[in-house]
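Asker: This structure is in structure tokens; I'll ask about it shortly.
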Amino acid sequence: MSPIVKLLAQRIALSLLLLLLISVVIFAGTIVLPGDVAQSILGQSATPEALANLRAELGVNDPPVQRYFAWLFGAMQGDLGTALTSGQDIAQALSSRFWNTLFLAFWAAVVAVPLAIFLGLLAVRFKDRWPDKMISAVTLASISIPEFLIGYVLMYFIAVKLRWFPSVAMVNDSMGLFDKLNAIALPIAVLTLVVLAHMMRMTRAAILNVMQSAYIETAELKGLNAFQVIYRHAFPNAIAPIVNVVMLNLAYLVVGVVVIEVVFVYPGMGQYLVDHVSKRDVPVVQACGLIFAAVYIGLNMIADIVAILSNPRLRHPK
Amino acid sequence: MSDTLLKVRDLKIGATIYPPGERPRDIEIVHGVSFDLAPGKVLGLIGESGAGKSTIGLASMAYGRGGVKITGGEVWVNGRNILKGGHKDIRKLRGAEVTYVSQSAAASFNPAKKIMDQVVEAAVEQKKFSRKDAEARARVLFAKLGLPDPDNIGERYPHQVSGGQLQRCMTALALCPEPDLVVFDEPTTALDVTTQIDVLMAIKEAIRDTGVAALYITHDLAVVAQVSDDIMVLRMGNTVEYGNVDQIINNPQEEYTKALVSVRSIEHEEKAPTEEPVLSVRNITARYKGTQFDVLHNVNVDLYPGQTLAVVGESGSGKSTLARVITGLLPPREGEIEFAGRTLSPDLKGRTREDLRELQMIYQMADVAMNPRQTVGTIIGRPLEFYFGMRGSEKKKRIIELLDEIELGEKFMDRYPAELSGGQKQRVCIARSLAAKPKMIICDEVTSALDPLVADGILKLLLDLQKIEDVAYLFITHDLATVRAISDNIAVMYQGKVQRYGGKSKVLSPPFDDYTDLLLSSVPEMKLGWLEEVIAHRKMESAGN
């Protein structure tokens with residue numbers, strides 16, 4: 001087996017192992033959490049018999065190991081159980097919200113990633129001159145302001161005063177793509193501002209690091225202009241760290257949009273999770289946790305795979 | 001076009017330096033240098049580090065490395081003063097009229113791109129050739145430079161070819177756009193001597209066949225004598241002597257040039273082996289963890305008290321691995337190390353403090369072998385505390401004694417490594433190892449990073465100290481001149497085996513085995529026409545076989 005295939009197989013196996021461990025942590029964590037779902041369903045005035053009956057019905061009394069494996073095998077087949085509070089099938093309830101979250105994250109990434117890399121390249125080209133300093137200042141300012149504040153400020157000026165985009169990001173299946181994009185324009189803008197600085201600064205640092213190399217001098221002495229040097233010679237060698245930070249931010253876009261979804265009343269997974277945490281609906285919390293973990297691990301795995309593939313020594317062994 | 005291709009007049013170059021704890025300030029590093037270069041001629045720029053030779057070479061492309069700036073004078077290329085041109089004019093010059101070959105091709109090729117893409121890039125970008133013509137030209141150059149499989153080698157990535165091959169690819173890169181001038185900046189310095197000679201010949205023939213002019217920058221006068229028409233000797237940014245190659249080599253006028261020509265003045269009489277060796281390496285076979293092949297095969301050598309054993313070989317010969325085995329950093333697969341009448345534990349962890357004290361080591365890179373935040377006194381005092389428990393005035397007295405022995409003196413006690421020159425740093429490392437009163441010191445390429453005159457001083461010091469302290473040296477080096485200067489016994493290593501072993505006079509006298517012959521005959525000699533003689537001799541021999 002060639003070394004690169006072995007490395008990739010190792011990396012993928014490691015990710016699966018990690019996901020398995022996380023599932024244990026999520027399950028154990030939700031068990032030790034205080035609170036009693038039966039109590040929260042029936043309310044304070046419930047009789048002890050009624051509570052005991054409901055607990056037996058919900059399977060809360062079974063040994064934890066047995067419940068874990070039942071849950072794990074169910075999850076592997078796409079059965080995430082039923083919500084305790086509403087009796088709904090979780091997988092069904094989640095799927096449309098999960099796609100909504102991915103939809104928002106995808107379009108935020110489409111805007112943010114190329115913009116961040118372009119600004120990073122621009123900052124390198126004008127290193128320590130005013131464009132570099134201005135890019136740094138603006139992106140740092142935007143990351144320092146809490147995202148809900150940016151959300152409300154944009155809402156006030158752009159939605160209420162200027163009336164360019166709607167302030168509430170309501171989407172449903174009957175809307176066309178253009179209508180949907182129009183609805184989520186403001187959340188995309190906020191998310192972009194939040195993730196831009198990190199990616200842009202990492203791109204700048206990675207490329208500047210490569211710019212110290214002797215082969216950059218060779219390229220300059222070939223008479224190439226500054227953008228050719230950066231784009232052709234520095235960028236290909238800076239891919240691995242850039243992809244790494246991009247993937248981390250993509251994971252944040254999927255997992256961390258809870259606040260934005262609440263601010264803009266967007267029907268995504270984050271809002272669903274928040275609702276059910278407050279109701280102590282354990283299966284829903286477990287299911288959301290597992291999906292978020294899978295997204296995080298999956299994206300980071302992709303970053304590592306790209307890093308392995310972008311190394312010419314591994315791609316073209318002697 | 002005028003009959004001078006490159007005309008440099010009163011060139012002044014400055015830089016901003018950042019001394020620790022002080023304000024940055026501007027200094028001048030080249031103080032008004034002038035020379036002319038006619039089309040098709042080769043000018044050698046020679047000097048020690050800090051002489052400004054690379055800086056001058058790059059100035060002919062209007063380039064300043066790091067914070068280096070051209071502050072005055074004129075540089076005329078093909079009748080234009082390039083220092084007066086704007087960015088666009090300079091970009092048109094670079095990679096088209098003037099090209100550059102750097103010391104380390106391995107670092108100067110982009111690891112992420114195929115060799116061919118990089119070789120033709122300048123020619124295509126500067127619109128000298130179409131991509132197709134440039135590739136055809138590159139293949140012709142690959143063949144001319146003696147690269148294997150010239151039709152396909154361009155499809156490889158830089159890490160897939162050897163260092164010597166990559167240096168030739170770099171030469172092809174420089175010649176591909178049909179420039180008028182190539183700046184060769186120490187193009188063979190990083191190569192082994194047996195590789196250097198081939199690359200040198202390839203460069204020389206390529207210069208002759210293409211009629212290109214060249215600036216050839218090196219610290220090695222013997223090398224520059226083989227390729228140049230004229231030579232300029234530089235020292236600390238000033239011209240010391242400027243003349244044709246015959247005059248500089250055979251009739252130098254200035255004291256400094258004479259010293260460069262006659263360097264390696266050390267004479268050292270070979271000592272006969274005494275009865276009991278201090279170190280016996282017995283049947284050592286070793287390999288690195290996780291690899292499938294041995295890097296040392298059944299190595300046997302002896303080192304006698306107060307004598308020097310030189311272990312000589314090229315990169316990959318296993319000479320540094322042998323040092324790692326002796327110090328216990330790499331436990332061998334088979335064999336034993338006997339030291340001072342006892343068998344040493346193969347692993348460093350199993351050795352006593354006495355074992356450690358009696359076997360010291362000095363490294364190639366003196367500046368990374370010292371803690372930059374400790375003073376010279378602390379650095380030398382540490383082994384005195386650690387091995388002998390010395391304190392206070394007793395320790396101070398001994399530190400001063402040691403500083404006197406390495407010819408630096410008491411005033412260096414409170415200095416930091418960053419305030420010392422390369423040679424002074426290596427002297428401090430020597431004092432630190434002597435502080436332990438060892439029976440033996442392993443010297444791993446201790447003079448390789450130093451300029452020839454400075455290296456000479458270090459070797460003389462080591463020989464003097466050997467007489468005073470009666471210490472034995474295991475001297476690891478790739479430099480045969482160093483070996484001649486200091487050794488009593490020599491072991492020639494090749495591919496992990498001891499190829500030839502014995503007293504200095506025996507090892508360095510014929511009849512030779514094939515490898516030792518190749519190695520010895522590859523060392524450049526300070527003689528005009530030496531390169532052609534060796535190549536002609538080798539061709540005759542291979543024709544005879």
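Asker: Mind listing whichever residues of the stretch A:221-238 are surrounded by 23 or more Cβ atoms within 10 Å (Cβ to Cβ), at the interface with chain B (Cβ under 7 Å from one of its Cβ atoms) and assigned to a helix (DSSP H, G or I)?
Answerer: A:His233, A:Asn237
Asker: Right, something else. Against the definition (at pLDDT below 85, surrounded by 14 or more Cβ atoms within 10 Å (Cβ to Cβ), not in a helix (DSSP H, G or I) and not aromatic (Phe, Trp, Tyr)), how does A:Leu54 come out, yes or no?
Answerer: On the way: at pLDDT below 85: yes; surrounded by 14 or more Cβ atoms within 10 Å (Cβ to Cβ): yes; not in a helix (DSSP H, G or I): no; not aromatic (Phe, Trp, Tyr): yes.
So A:Leu54 fails the test.
Asker: Give the number of residues within the stretch B:120-150 that are small (Gly, Ala, Ser) and over 30 Å from the mean Cα position of the chain (by Cα).
Answerer: Looking only at that region, the number is 4.
Asker: Of the conditions (1) within 13 Å of another protein chain (Cβ to nearest Cβ); (2) assigned to a helix (DSSP H, G or I); (3) crowded, with 20+ Cβ neighbours inside 10 Å, A:Asn249 fails just one. Which one is it?
Answerer: Result: A:Asn249 fails condition (1) only.
Asker: Could you check B:Glu525 against (1) charged (D, E, K, R); (2) in contact (Cβ under 8 Å) with a residue 12 or more places away in the chain; (3) under 18 Å from B:Val312 (Cα atoms) and say which number it fails?
Answerer: It fails just one condition, (3).
Asker: Given the residues A:Leu208, A:Leu290, which is the only one that is over 30 Å from B:Ala105 (Cβ atoms) and part of a helix (DSSP H, G or I)? If you could, list the steps in order and put the result at the bottom.
Answerer: Working: A:Leu208 fails: over 30 Å from B:Ala105 (Cβ atoms).
One residue alone meets the criteria, A:Leu290.
Asker: Are any residues in the stretch B:136-173 farther than 16 Å from B:Glu121 by Cα and polar (S, T, N, Q), and if so, which ones?
Answerer: B:Asn152, B:Gln160, B:Ser162, B:Gln165, B:Gln167
Asker: Scan the stretch B:110-122 for residues that are at the interface with chain A (Cβ under 7 Å from one of its Cβ atoms) and either polar (S, T, N, Q) or on the phi > 0 side of the Ramachandran plot (or both) and jot them down.
Answerer: B:Asn110
Asker: Another question about this same structure. If I filter the stretch B:382-389 for residues that are crowded, with 20+ Cβ neighbours inside 10 Å, assigned by TED's automatic domain parsing to the domain that holds B:Ile326 and either closer than 30 Å to B:Gly318 by Cβ or in contact with a Lys or Arg (Cβ under 7 Å, 6 or more places away or on another chain) (or both), do I get at least one hit?
Answerer: Yes: one or more hits.
Asker: Another question, then. Quick test of your reading of the structure: B:Phe142 fulfils all but one of (1) within 14 Å of chain A (Cβ to nearest Cβ); (2) assigned to a helix (DSSP H, G or I). Name the failing condition by number.
Answerer: Of the numbered conditions (1) within 14 Å of chain A (Cβ to nearest Cβ); (2) assigned to a helix (DSSP H, G or I), the odd one out for B:Phe142 is (1).
Asker: Consider B:Pro273 carefully, then state whether it is modelled with pLDDT under 80 and closer than 17 Å to B:Tyr473 by Cα.
Answerer: Yes; evaluated as a whole, the condition is true for this residue.
Asker: Take the residues in the stretch B:91-104 that are within 16 Å of B:Lys7 (Cα to Cα) and within 9 Å of another protein chain (Cβ to nearest Cβ); name whichever of them is farthest from the chain's Cα centre (by Cα). Step through it out loud before you land on a result.
Answerer: Restricting attention to the stretch B:91-104, the residues satisfying the condition of being within 16 Å of B:Lys7 (Cα to Cα) are B:93, B:97-98.
If we keep only those that are within 9 Å of another protein chain (Cβ to nearest Cβ) too, we end up with B:93, B:98.
Numbers: B:Leu93: 31, B:Val98: 26 Å.
If we take residues in the stretch B:91-104 being within 16 Å of B:Lys7 (Cα to Cα) and within 9 Å of another protein chain (Cβ to nearest Cβ), then B:Leu93 is farthest from the chain's Cα centre (by Cα).
Asker: Just to check your reading of the model, which residue among B:Ala107, B:Ala172 is assigned to a helix (DSSP H, G or I) and facing chain A (nearest Cβ under 10 Å)?
Answerer: Among B:Ala107, B:Ala172, only B:Ala107 is assigned to a helix (DSSP H, G or I) and facing chain A (nearest Cβ under 10 Å).
Asker: Would you pick out the residues in the stretch B:151-184 that are within 20 Å of B:Ala106 (Cβ to Cβ) and over 27 Å from the mean Cα position of the chain (by Cα)?
Answerer: Within the stretch B:151-184, B:Ile153, B:Gly154, B:Glu155, B:Arg156, B:Cys176 meet the criteria.
Asker: For the stretch B:158-169, what are the residues that are facing another protein chain (nearest Cβ under 10 Å) and either in contact with a Pro (Cβ under 6 Å, 6 or more places away or on another chain) or crowded, with 17+ Cβ neighbours inside 10 Å (or both)?
Answerer: Across the stretch B:158-169, the qualifying residues are B:Pro158, B:Gln160, B:Val161.
Asker: Here's another thing I want to ask about it. May I ask you to say which residue of B:Leu58, B:Leu145 is touching a strand residue (DSSP E or B) at 6+ places or on another chain (Cβ under 8 Å) and either surrounded by fewer than 16 Cβ atoms within 10 Å (Cβ to Cβ) or touching a residue at least 24 places away in the same chain (Cβ under 8 Å) (or both)?
Answerer: Exactly one of B:Leu58, B:Leu145 is touching a strand residue (DSSP E or B) at 6+ places or on another chain (Cβ under 8 Å) and either surrounded by fewer than 16 Cβ atoms within 10 Å (Cβ to Cβ) or touching a residue at least 24 places away in the same chain (Cβ under 8 Å) (or both), namely B:Leu58.
Asker: Which numbered condition trips up B:Ala259, out of (1) in contact (Cβ under 8 Å) with a residue 60 or more places away in the chain; (2) surrounded by 18 or more Cβ atoms within 10 Å (Cβ to Cβ); (3) in a helix (DSSP H, G or I)?
Answerer: Of the numbered conditions (1) in contact (Cβ under 8 Å) with a residue 60 or more places away in the chain; (2) surrounded by 18 or more Cβ atoms within 10 Å (Cβ to Cβ); (3) in a helix (DSSP H, G or I), the odd one out for B:Ala259 is (2).
Asker: For the stretch B:268-295, give me each residue that is in a loop (DSSP other than H, G, I, E, B) and of a type in the set (A, V, I, L, M).
Answerer: Within the stretch B:268-295, B:Ala272, B:Val278, B:Val295 qualify.
Asker: If you don't mind, another one. Tell me the residue from A:Pro241, A:Pro187 that is touching a residue at least 12 places away in the same chain (Cβ under 8 Å), buried (at least 17 other Cβ atoms within 10 Å of the Cβ), within 14 Å of chain B (Cβ to nearest Cβ) and within 22 Å of the chain's Cα centre (by Cα), please. Walk me through it before giving the result.
Answerer: Values: A:Pro187 fails: within 14 Å of chain B (Cβ to nearest Cβ).
Among A:Pro241, A:Pro187, only A:Pro241 is touching a residue at least 12 places away in the same chain (Cβ under 8 Å), buried (at least 17 other Cβ atoms within 10 Å of the Cβ), within 14 Å of chain B (Cβ to nearest Cβ) and within 22 Å of the chain's Cα centre (by Cα).
Asker: Here's a check for you: in the stretch B:262-316, which residue that is over 28 Å from the mean Cα position of the chain (by Cα) and β-branched (Val, Ile, Thr) is surrounded by the fewest Cβ atoms within 10 Å (Cβ to Cβ)?
Answerer: Among them, the one singled out is B:Thr291.
Asker: Any residue in the stretch B:262-274 that is under 14 Å from B:Leu303 (Cβ atoms) sitting within a Cβ distance under 7 Å of a residue that is at pLDDT 75 or above and among the aromatic types (Phe, Trp, Tyr)? List the pairs, counting only those 6 or more apart or interchain.
Answerer: Here the result reads B:Pro273/B:Tyr304; B:Thr274/B:Tyr304, each pair linking the stretch B:262-274 to a residue that is at pLDDT 75 or above and among the aromatic types (Phe, Trp, Tyr).
Asker: Still on this model: Identify, please: which residue in the stretch A:298-318 is crowded, with 19+ Cβ neighbours inside 10 Å and within 16 Å of the chain's Cα centre (by Cα) and is, among those, nearest to the other protein chains (Cβ to nearest Cβ)? Walk me through it before giving the result.
Answerer: Going through the stretch A:298-318, the residues crowded, with 19+ Cβ neighbours inside 10 Å turn out to be A:299, A:301, A:303-304, A:312.
Still in the list and also within 16 Å of the chain's Cα centre (by Cα): A:299, A:301, A:303.
Working: A:Leu299: 24, A:Met301: 22, A:Ala303: 18 Å.
Here the answer is A:Ala303.
Asker: Of B:Glu155, B:Glu125, which residue is under 23 Å from A:Ile216 (Cα atoms), within 14 Å of another protein chain (Cβ to nearest Cβ), surrounded by fewer than 17 Cβ atoms within 10 Å (Cβ to Cβ) and not hydroxyl-bearing (Ser, Thr, Tyr)?
Answerer: Going through B:Glu155, B:Glu125 in turn, just one is under 23 Å from A:Ile216 (Cα atoms), within 14 Å of another protein chain (Cβ to nearest Cβ), surrounded by fewer than 17 Cβ atoms within 10 Å (Cβ to Cβ) and not hydroxyl-bearing (Ser, Thr, Tyr): B:Glu155.
The values are calculated or read from the model by the stated rules, or taken from the named source; none is laboratory data. Since this is a predicted model, take the numbers as computed values, not measurements. We place every Cβ from the backbone using ideal geometry, glycine too, and count neighbours over all the protein chains shown.
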